[in-house]
Each structure stands twice: as structure tokens, then as C-alpha cells.
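These notes are about the structure you will find just below.
The values are calculated or read from the model by the stated rules, or taken from the named source; none is laboratory data. Owing to the predicted nature of the structure, the values given are computational and were not obtained by experimental measurement. Don't worry about glycine lacking a Cβ; one is built from the backbone with ideal geometry, like all the others, and counts go over all protein chains shown. Please note that ligands, DNA and RNA were not included when accessible areas were found on the heavy atoms of the full protein model with its side chains. Shrake-Rupley method; radii C 1.70, N 1.55, O 1.52, S 1.80 Å.
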Amino acid sequence: MNIYDPIFSRNMILGVVLLPMMAIAQAPLPPLEYLKSDPPTEKTSYASRIANRKGVHDADPHVYVYNAEFARRFQMPDEWISAELKGVDAVAFREVPRPYKTCGWGGNPKACRTDEVRCEMDMYFDQTRNPLPWDDRMNPVDTLFDIAKSSWFIGSLANQEKRPRTSLWGGVPLPRSPFTDPKTGKELMWQGGTGIVIKIVAEATGE
């Protein structure tokens with residue numbers, strides 16, 4: 001090949017120019033910074049945004065209980081404040097329709113129901129006061145095992161050894177909880193059944 005060929009020379013120049021750009025694109029990006037919140041007003045309160053909002057909007061299905069500090073920070077109504085709440089800043093309980101219909105009732109594969117509901121509870125913690133064990137090795141996708149599309153095929157027995165398996169409930173074929181002590185490997189178990197979602201909402205500063 002003639003290295004003085006115009007096309008060859010042009011491609012070589014493009015290659016030399018693109019390589020440094022590719023190296024820059026692969027560099028890790030710095031973490032995003034939190035935006036500073038605007039001063040609270042009456043329009044930003046729960047009452048204005050949700051309870052007394054006019055026009056078509058989503059109805060809040062939750063039953064709340066939280067401490068006074070949580071209510072102040074998020075402008076929530078005082079009526080749901082409880083001094084008896086310990087170890088957690090807030091709890092939100094709801095009943096939601098199951099995402100899929102169930103079949104096989106009474107042993108009949110065609111006997112299906114679409115009117116079932118599931119109970120879910122969100123628990124909000126301030127990590128500065130109540131730190132929770134968290135294993136960074138866990139895949140966040142696995143925490144949505146109940147509704148993830150992959151649950152239809154990834155639950156095959158052929159895949160069990162390739163996925164981290166929980167040590168709770170007798171080692172049933174479910175993914176491990178991300179609430180796992182990274183040193184001991186012990187998982188955090190929540191009593192009260194399934195459908196519990198944990199959310200950590202406070203920043204490290206606790207502001």
C-alpha cells in the first residue's frame with residue numbers, strides 16, 4: 001500500500017486525532033453535585049402540592065407517620081407526626097394492585113384473578129442517625145426482582161448458581177438483600193412479609 005495515497009493519509013490522520021478523544025471519553029466522570037434547595041414557601045408544602053391541589057392529579061394512596069423533624073423538612077402536615085416512632089424518620093404504607101394477574105386458582109390453569117392488591121411500605125432513614133449496612137457489590141436491578149421483566153426467565157434453576165442467592169427464608173431462590181454487612185456478609189431481615197421497600201432520603205450532612 002502506498003503510504004502517500006491521499007485516502008490512506010487521511011485515515012491515518014483521523015486515527016491519530018480520534019485516539020486521544022476516545023481516551024478522554026472513557027475517563028470516569030465526577031459525581032453530580034446536589035443543587036441547593038430554594039427557601040420553603042406555602043406553595044411548596046404538601047397541602048398545596050397534593051392535598052389541596054386543583055385540577056387533575058394523582059391521588060396520594062399513602063398512610064403516613066413520621067417524626068417532627070421530617071415533617072418540618074418536607075413540609076408535611078402536623079397531624080401525622082408521632083413521638084412514638086423510633087429508629088426511622090418516616091413510614092409510608094399503601095395498597096397497590098398487583099402488576100400481573102394470577103392464574104391457577106383451585107388447580108385450574110385458566111382460573112385467573114386481576115383484583116388482588118399487595119401491601120407495600122416505604123421506610124425513610126437518616127443515615128447520620130441510623131446508618132444501615134449496605135453491600136456495594138449488590139446489583140441494584142436485583143432489588144426489583146418482584147416486578148423486573150427478567151424475573152420470568154432468570155429464575156430458572158439453571159441460573160441459580162450464577163446469581164447471588166439469599167441466605168434468608170431457608171435459602172429460597174431469590175437475590176440477596178443489598179442491606180448486607182460487607183464485612184460479615186449477614187443480611188438484614190425485615191419481619192412482616194414481602195413488599196417492603198427501603199428508601200434512604202437524607203444526605204450525609206443530615207440537612
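A few comments on the model shown:
- The set of residues in the stretch 86-120 being among the β-branched types (Val, Ile, Thr) and within 18 Å of the chain's Cα centre (by Cα) consists of Val88, Val91, Val96.
- The set of residues in the stretch 93-114 that are open to solvent by 90 Å² or more (accessible area, probe 1.4 Å) and under 30 Å from Asp58 (Cα atoms) comprises Glu95, Pro97, Arg98, Lys101, Arg113, Thr114.
- Residue match in the stretch 66-73 (condition: in contact with a strand residue (DSSP E or B) (Cβ under 7 Å, 6 or more places away or on another chain), in a loop (DSSP other than H, G, I, E, B) and not aromatic (Phe, Trp, Tyr)): yes
- Residue check for Met123: under 19 Å from the mean Cα position of the chain (by Cα) and surrounded by 14 or more Cβ atoms within 10 Å (Cβ to Cβ): yes
- Just one of the listed residues (Val88, Val96) is part of a strand (DSSP E or B), under 26 Å from Leu132 (Cβ atoms) and either at pLDDT below 95 or β-branched (Val, Ile, Thr) (or both), namely Val96.
- The set of residues in the stretch 130-148 that are open to solvent by 70 Å² or more (accessible area, probe 1.4 Å) and either within 16 Å of the chain's Cα centre (by Cα) or modelled with pLDDT of 85 or more (or both) comprises Trp134, Asp136, Arg137, Asn139, Pro140, Val141, Thr143, Leu144, Asp146, Ile147.
- Test: residue in the stretch 105-121 that is touching a helix residue (DSSP H, G or I) at 6+ places or on another chain (Cβ under 8 Å), modelled with pLDDT of 80 or more and under 30 Å from Gln75 (Cβ atoms): no
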